Structure formats: structure tokens, C-alpha cells
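Input: a single structure, listed below in C-alpha cells.
The values are calculated or read from the model by the stated rules, or taken from the named source; none is laboratory data. Everything numeric here is computed off the predicted structure, so don't read it as measured data. Neighbour counts run over all protein chains shown; Cβ positions are idealised from the backbone, glycine included. Protein only, heavy atoms only, side chains kept; ligands, DNA and RNA dropped before computing areas. Shrake-Rupley method; radii C 1.70, N 1.55, O 1.52, S 1.80 Å.
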Amino acid sequence: MYETNENIASSDTLNKPLFRDITAEDYDPEITEMESLCVNCEEQGVTRLFLTKIPFYKEVIVSSFCCDHCGNKNAELQSGGSIQDRGVSYKLNVTNIRDLNRQVVKTEYATIRIPSLDFEVAPGKSNLTTLEGVISQVIDGLEQQQVQRKVEHPDVAEKIEEFIGKLKDLKLVEKPFQFVLDDPSGNSFLENPYAPTKDAELTVSHYARTRQQDEFLGLLEQEEEPVEDSEGKTVGQDDGEGFNTQNEVLSFSTNCPNCRSPCDTHMKLVNIPHFKEVVIMATTCSKCGHRDNEVKSSGGIEELGQKIDLVINTPEDMARDVLKSELSTLSIPDLDFEMEMGTLGGKFTTVEGLLLDVKTQLKDFNPFFRGDSSQPQMCEQLSDFCEKIDEIVQGKRTGVHFVLDDASGNSYIQSLCAPDPDPQLTITRYTRTWEQNEELGLNDMKTENYEQA
């Protein structure tokens, strides 16, 4: 009887997600213990690892070390989420004391800069705090050795004391200053208290990583030299015969984006009428039930950017197919709403589906509009916006402009009159600005004479 219960417990454990929520009902939190060397006394201590999820945020790895020989203890929080496709940079103009209360999520790869003081916080431990908390941590770190510095290096101590005074002045916000959060992993965050509307003082940009940043993140593998067979053909190279991309569905192993458990992702090449070929990837997790689909263009970046403006007038407009690339922004001018590039990733859905995804992202997965730290005014503003989204979906609000602006030119909204012009659909092609080319990584791309220095 004991063995049967043990087997059942083992089966239940295998069916649970890899990163689990902390609940009172979870009698088996699955804490992994292992022996590890103590850096203080060089004896064997114990490291404990726990994989969990911060509610409404992401997966984390909680690790703690304890040495029974010398009493040394250490605890650390590491991100367990995947690295994003693009880096992210937040630039905030701090103009009043209220800006110091903005939440800041800083990963171990992120850099913080304050240009007015020529000051930079190098990548280090992950942290969830406020903008004021970031400045306070820097002040505390500089003040730790000040007593010793005043005795051994009085000149250095005097300069540091002067700089600490400048940091304390920042907390008073007597004059505006800029706060920059740059993260090549794309997982850091700086709160917009006016969401879902755009913050005029906050600029969010997504960029293509450099080779040095990929090396810093550990994404580059050692390149292997090609091996040729006896006929002079490169081993592993596909000659393109016997494979029909339009009829084949490819499957490969990956991890669930929600619970990080092993699962399968299916990929297929689809030809959208009156548009182009795209790659659709669908993931279903058998552990937590999460389902997700992502779309990527198979034709690269277009020569011109594209802005698509749809006027929603009838219920049929809700059923229009929509292809939103991962580089596209979504805006609803009638609601004063604009979604930054990279949000929600690539999607192949309908107008209704995309609107509901926006609502879900803002209401259910927003870490700063729930809990004790939430502000009633912000919650009320968010609820009003979600009600307006529901009114559009239900057809109670018409004449609303639904705009996709894609600098890569790879987004699409179905025309109900194709191949004739659709009176509700306006497509504008434009030449990209230098900043847009910079975000797409095109300014540093050399396609001619690239073999020359």
C-alpha cells in the first residue's frame, strides 16, 4: 500500500509544472538540495534551489546557501524566464517626486545610467524596487566604507561624499534629470503609471543586440567548421529536394513559456492570400494547459514601412484576419492608446482576438495594477479602458480606428473587398527614419562589399 501511494505521488509530481505557484495546498514544494563548497571556510555546505513564479510577473529561481561549519549564509533570486528576441531600453525624464515611486524590474544583465551625473550601475543582481529605491541602494553602497576612506584616503572620501550629496539631491527632484534602464535580455521593466495611455516622459525602444551583447548573454555557441563528404558536399546541408514546405508540419522540442516544462512546438509555412508567406508556430503544454501561437515573416524586412488603418463599423470587422508581426505597434487613437513594439509578440488572429489579447495583457498579466502596491486611481483608469475594449468588441462603439504601424512592412489586415480597394482600410507605405532603422538593426548592416574592412 505504501509503494502504491509513493508511485501516485511520483506521478503527480511529474504532471506538475516546472515553475509552480506558491500555494497553501502545495504540500510538496520540490526544493532541491545539493552539497556545494563554502567560499568562506572551504568546507561543504548545502545549497537549496526552488523554482517558482512571482504572481503576475515571471519565473524565478530562489537559491539559498548555508554552511554549518562557519555559519556563512547567502540567498539570491535569479530570473528563470527566457531571453527575449530583442533588447529593451527605457528612458525616463524624471520631473517630479511622484516619478520616484515608479516600479523598476532590473535583471542581472541590465545597466542603469544617470547621464547628468555621468553615473552608471553595472550589471549585477536582479532587483524589484522603485526608482527611489535604486538611488537609495547606490547611496548605501557608497556610504559603507566612508569611515575607513576618510582615514586612509581623505581626498577620495571627500569626492565620494560630494557625489553622495548629488545623489541625495536627485531624490528631491529640484531639477529634472534622465533615468536610463538598458537591458539586452529584454526582461527589465520600468512602470508607466498612466497605462494604458502613453507616457510623454517615458521612451521605450527595442533594439537588435550586438555580437558582444549576445556573448555577454551566453547566446553564441562555438562555430564549427563545415565538414565535406567524399562528393564535396557539406554534411548536413539540405539540397532542397524531397521537402515541400507548404505541406509539411515541423515539430521540435522546447520549453513552455508559462511553466517552463518540456513541450512540443509545431511550425508550418502558410501562404496568406494577397499578402505573403509566413511561418506560424503553435505551442501547447500538457502540464499547465498553456496555448500560444507566434507568427514570423519568412521574407525578411520590406524596403518600406507600412501603416494600416482600419475603421471598425460592423460586427464583420471583428472577424477580419490580422497578422501582427513582432515589430509592429498597435494604436487605437479614439481611446488614446498605443502599444509599444514587441508587446504580445507576433500574432496571427482576428481583430477581436487581438483586442481581447490587449485586454488580457493589461488586466490579468499586469504586475503593477494588483496587490497592496496598486493605486485605486490607476485601477479605475484601467477598468474603464477594458470596458471600452468590450464595447468595441460587442459593436456598441463604432467608427473606431484600429491602426497597425509596422516599420518592417510585415503586418496585414484582411480586406473584405480584395482585390478591389476596401473603403474601411487605408494602407500607407513610408520611408523609415534613421531611428526606426536603428531599432531594426539596419544601420549597421552591410550587404555590399562586406568582406572588406
Which order, highest average first, do 321-329, 121-129 follow once you tally other Cβ atoms within 10 Å for each residue and take the mean per peptide? 321-329, 121-129
For K363 the rounded accessible area (nearest 10 Å², probe 1.4 Å, non-protein molecules ignored) is 100
If you wrap a convex hull around the alpha carbons of region 70-166, what volume per residue comes out, as a whole number of Å³? 152
Whose amide H sits under 5 Å from the amide H of G87, counting only residues 5 or more places off or on another chain, with H placed in the peptide plane? Y207, R209
Do any of K171/K198; K287/K396; K73/K106; K73/K363; K91/K168 go past 30 Å between their Cα atoms, and which? K287/K396; K73/K363
